[in-house]
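Participant: Take this structure, written in structure tokens, and hold onto it; I'll ask about it next.
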Amino acid sequence: MNMGQTFGSVLSGQVSTGSNTWDCSCGNKGITGKFCTECGAKKTEPKETWDCTCGNKGITGKFCSECGAKKPEKETWDCSCGNKGITGKFCSECGAKKPEKETWDCSCGNKNITGKFCPECGSRKPDNSTWDCTCGNKGITGKFCPECGNRKGE
């Protein structure tokens, strides 16, 4: 048997004992270092896992094997004090709370959408900004007043 075959079988047979020790498939038990003292096999580190919204759990890859969804990126935010890349709910520098994301509800029934488009039907987020014209017309959504023709902001 060549060394490549032995090394591969040793790596696949490692068992974590739940403490700071691990057992190697060569039979050596209670190893505290990164390498087996009997065969030289390296201790494998556990991979970070994630759970998909489809119900598939313990995924180690970048995509879900059941539905093909991409692993969600860890969301970060930047604080007004200058601290960047924060992953928690509060800034570690000034203690400011993470700002809440603005959400909207689509006419198709999908609720609490944070993006510009509805993920269910593809509808664009409505532009709720309206303006009132000096002529008295109110709630105008376009750039020009439909009553007098004045441009928004005049």
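Participant: Would you indicate which of (1) 1.16; (2) 1.00; (3) 1.28 is the value of Rg/Rh (Cα atoms, Kirkwood Rh) derived from the coordinates of this structure?
Facilitator: Of the labelled values, this structure produces (3).
Participant: Moving on to the next point. Between the helical axis of 3-12 and the dominant principal axis of the chain, each derived from Cα atoms, what acute angle in degrees is found, rounded to the nearest 10?
Facilitator: 60
Participant: Next question, about the same structure. Under a cut-off of 16 Å between alpha-carbon atoms, report the lysines in cross-link reach of Lys125, not counting same-chain residues fewer than 8 places apart.
Facilitator: Hits, sequence-local ones excluded: Lys101, Lys111, Lys116.
Any read-out appearing in this document is the output of simple, stated calculations on the displayed coordinates, not a laboratory observation. Here the structure is a predicted model, which means the values were calculated and not measured.
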